[in-house]
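Here's the structure, in structure tokens; my notes come after.
The values are calculated or read from the model by the stated rules, or taken from the named source; none is laboratory data. Owing to the predicted nature of the structure, the values given are computational and were not obtained by experimental measurement. Cβ placement follows ideal geometry from the backbone for every residue including glycine, while neighbour counts extend to all protein chains displayed. For accessibility, only protein heavy atoms count, side chains too; no ligands or nucleic acids. Shrake-Rupley method; radii C 1.70, N 1.55, O 1.52, S 1.80 Å.
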Amino acid sequence: MTDATVSEPGHRLKPLTPAMLRELSVRSNLRGAAQSLGHYGVIVLVGALIWKVSSSHGVLWALPLMAVQGYLVAFLFMAVHETAHKTAFRSRSLNLAVGYLSAFIIGLPYEYYCLFHWDHHRYTQDPEKDPELIVGVKPASDTQLAIAYSGLLQVAGRLRLMLGHAVTGKVVVPWIPESKRGTIVAEARAYVTLYALLFALSLWFSSALLLWVWIVPLVIGQFFLRPYLYAEHTGCDRTRSAFQNTRTTYTGAIVKWFAWNMPYHVEHHAYPSIPFHALPKLNEIVDGEIVYRGRGYIQTTRETWAWFRRQRHAG
């Protein structure tokens, strides 16, 4: 993904010099390791607490911890995203290792997502070519909209697609080039095989460990992740300029940390070669150019929900 200068009429120019871009684009194994180990470390800690509480006092007492774990596990999507850009680490091998692991945990095949996301950057907000819009929510009622905001439809859809690739051996979505379809089928079959193995082992040992520390939290976590993802582009302009087709949401330090600084989303789309740890500094430079500015995720979710409703009423 390149940082091409946008110069079409009406588009804002991005105020970085080549020297500034080179400086901000430096990748770091240390920063990537600190972020990854920190994120995974908290997941392991909360998972251990869930197992201890549920074993000692019952599952119901562990539900609040499962909600916390859900947020943490679902937001491993950000690790998948950053490693898809190969900017989490300087080392390509580390990007792939963390990317594959995180993608497996959230049920989103890594190679498939890399190709999906590549087209999202190439065609952001193009309703005919942006994969996020092609598979995106088109609610016919408030009930359908609420279900969409739960994230459950999206998870079911990608699991169904993965199973379809694994079982049929066919890939028909337009963002996967023919030369990559064999890879996507092989990846889907590997994922399905590993999931089946873990399920069989859980039955063999009569253990609910994975259910309570991984599967149930991952489902709960979609209620946090999906509104966050809708904030990135919903209601923004359908133009090629990242400063007009994307939203940066100003939020607290904890949210930014677990989201790998992706609330700085305009900055990321304008300069996708810049790694996550440099986005706050980039924001200081380009803040005045940003058109769509979210003020926290509660307020922004209200705005995106209202936008979807207006679109529905407009037909």
Being closer than 30 Å to residue 62 by Cα, open to solvent by less than 40 Å² (accessible area, probe 1.4 Å), modelled with pLDDT under 95 and part of a helix (DSSP H, G or I) narrows it down to one of 155, 213, so name that one.
155
May I ask you to verify whether residue 234 is open to solvent by less than 40 Å² (accessible area, probe 1.4 Å) and at pLDDT below 95?
no
Can you name every residue in segment 55-83 that is open to solvent by less than 60 Å² (accessible area, probe 1.4 Å) and either free of Cβ contacts under 8 Å to residues at least 40 places away in the same chain or of a type outside the set (A, V, I, L, M, F, W, C) (or both)?
58, 65, 69, 70, 71, 76, 80, 81, 82, 83
Being open to solvent by less than 10 Å² (accessible area, probe 1.4 Å) and either part of a helix (DSSP H, G or I) or within 19 Å of residue 42 (Cα to Cα) (or both) is the filter here, so list the residues in segment 263-277 that pass it.
265, 266, 267, 268, 270, 276
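Okay, residues lined up against (1) without any contact (Cβ under 8 Å) to a residue 12 or more places away in the chain; (2) touching a strand residue (DSSP E or B) at 6+ places or on another chain (Cβ under 9 Å); (3) basic (Lys, Arg):
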| residue | (1), (2), (3) |
| --- | --- |
| 190 | yes, no, no |
| 200 | yes, no, no |
| 212 | no, no, no |
| 232 | no, yes, no |
| 235 | no, yes, no |
| 246 | no, yes, no |
| 250 | no, yes, no |
Inside segment 111-139, can you point out the residues that are in contact (Cβ under 8 Å) with a residue 24 or more places away in the chain, in a loop (DSSP other than H, G, I, E, B) and hydrophobic (A, V, I, L, M, F, W, C)?
137
From the set of residues in segment 259-315 that are of a type in the set (Gly, Ala, Ser) and either touching a residue at least 40 places away in the same chain (Cβ under 8 Å) or in contact with a Lys or Arg (Cβ under 9 Å, 6 or more places away or on another chain) (or both), which is nearest to residue 125 (Cα to Cα)?
270
Is it the case that residue 270 is of a type in the set (A, V, I, L, M) and under 27 Å from residue 222 (Cβ atoms)?
no
Restricting attention to segment 246-257, report how many residues are surrounded by fewer than 22 Cβ atoms within 10 Å (Cβ to Cβ) and either outside any strand (DSSP E or B) or charged (D, E, K, R) (or both).
7
Just checking, which of 86, 138, 129, 52 is open to solvent by 10 Å² or more (accessible area, probe 1.4 Å), within 27 Å of residue 280 (Cα to Cα) and among the basic types (Lys, Arg)?
86
Every residue from segment 17-29 that is at pLDDT 95 or above and touching a Phe, Trp or Tyr at 6+ places or on another chain (Cβ under 9 Å)
24, 25, 27, 28, 29
Those residues of segment 176-200 that are open to solvent by 80 Å² or more (accessible area, probe 1.4 Å) and in contact with a Gly (Cβ under 9 Å, 6 or more places away or on another chain) come to a total of 1
Failed criterion for residue 282 (all others in (1) farther than 14 Å from residue 248 by Cα; (2) at pLDDT 95 or above; (3) more than 20 Å from the chain's Cα centre (by Cα) hold)
(1)
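Listed here are the residues, each with its yes/no results for (1) at pLDDT 95 or above; (2) among the aliphatic types (A, V, I, L, M); (3) touching a Ser or Thr at 6+ places or on another chain (Cβ under 9 Å).
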site: 12; (1), (2), (3): no, no, yes
site: 36; (1), (2), (3): yes, no, yes
site: 41; (1), (2), (3): yes, no, no
site: 47; (1), (2), (3): yes, no, no
site: 54; (1), (2), (3): yes, no, no
site: 62; (1), (2), (3): yes, yes, yes
site: 72; (1), (2), (3): yes, yes, no
site: 80; (1), (2), (3): yes, yes, yes
site: 106; (1), (2), (3): yes, yes, no
